[in-house]
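Step one of this worksheet: look at the structure below.
None of the figures in this text is laboratory data; all of them are computed from the coordinates on show. Predicted, not measured: the structure shown is a model, and the values here were computed from it. Heads up, the Cβs are rebuilt from the backbone with ideal geometry, glycines too, and the neighbour counts pull from every protein chain shown.
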Amino acid sequence: MPAAIDAVAALKARWAGVTDRPSLDHPAVNVPASDLLGVLRSLKEEHGFDMLTDVAGVDWAAGARPRFTVVYHVFSTSRHEYVRVAADCADDAAPELPSAAGLWPGADWHEREAFDMFGIRFAGHPDLRRILMWDGYPHFPLRKDFPLAGIETVLPDAEVVAETGTGAIAAPMAGGPFVAAQGGTNMGDAEPRAKDESWSERRPKPNS
């Protein structure tokens, strides 16, 4: 019997709130937030799941109860097996779970991304701040109620904005669209470039 199945059975015997989670691939469990760190610690220290490979937020959409879930994938580097752990956030308005960064330092950036994109906070995180969007950005782009077209927002840094003729602030075109040379063998020359790199050209060159 795979060790992952034995580990899940041990978790359910130890914590009454741990239940099977439907899964088509790896053994998976639902875990109450209050038991989350104990379960993750047991998987790491007692069952050999020594690597945390992923922490992902889920928004089931406004009106769902619970609305937010965080999913953890832990991996045994010796047995090459996974266990999936899912924990619901009790408060839809201010979702929060304990941080796993004390168990796996690699949880740091995963949790910062879930905070940045979903607004899920991780209590005890050593440096919980946005990792993709800027500080002060008022929205959470991976929530289900965030529009696909985005939300027009004033960018805060003069280095990454360009004045338009109307006085509005818009992002420069130097982020794309991207084009690549065709038929060349020099991969450096074939690297995609933005059609408009004028903004980049105005910046001081390194070591110039």
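Taking θ as phi - 60° and the Karplus parameters 6.51, -1.76 and 1.60, the scalar couplings of segment 76-85 work out to 9, 6, 8, 10, 6, 10, 10, 10, 9, 10 Hz in sequence order, x denoting glycine and proline. Inter-label distance, TYR137 to ALA123: 2.7 nm, where each label sits 7 Å from its Cα along the C-beta direction.
Spin-label pair ASP91-PHE146: with each label point 7 Å from Cα along the Cα-Cβ axis, the two points sit 2.1 nm from one another.
Working note: Karplus 6.51/-1.76/1.60 with θ = phi - 60° gives segment 101-118 the couplings 5, x, 8, 10, x, x, 5, 3, 6, 4, 5, 5, 5, 5, 5, 5, 8, 10 Hz, where Gly and Pro are set to x. In sequence order, segment 2-19 has phi-based couplings of x, 4, 4, 5, 4, 5, 5, 4, 5, 5, 5, 6, 8, 10, 5, x, 7, 10 Hz under the Karplus curve 6.51 cos²θ - 1.76 cosθ + 1.60, θ = phi - 60°, and Gly or Pro positions carry x. Annotation: amide H-H contacts under 5 Å for GLU96 (H modelled 1.01 Å from N, sequence separation of 5 or more, or interchain): ALA90, ASP91, ARG121. How high is the FRET efficiency between ARG79 and THR19 when r is their beta carbon distance and R₀ equals 22 Å, given to the nearest 0.05? After rounding to 0.05, the efficiency reads 0.40. Close amide-amide hydrogen proximity is noted between MET51 and PHE75, THR77, each under 5 Å apart and 5 or more residues distant or on a separate chain (H modeled in the peptide plane; Pro and chain starts excluded). Summarising the amide proton neighbourhood of GLU81: residues at separation of 5 or more, or on other chains, whose placed amide H is nearer than 5 Å comprise SER76.
With contacts defined as alpha carbon pairs under 8 Å and 6 or more residues apart, what's the relative contact order of segment 3-123 in percent?
Working: 222 pairs, mean separation 28.3, N = 121.
Relative CO of segment 3-123 lands at 23 percent.
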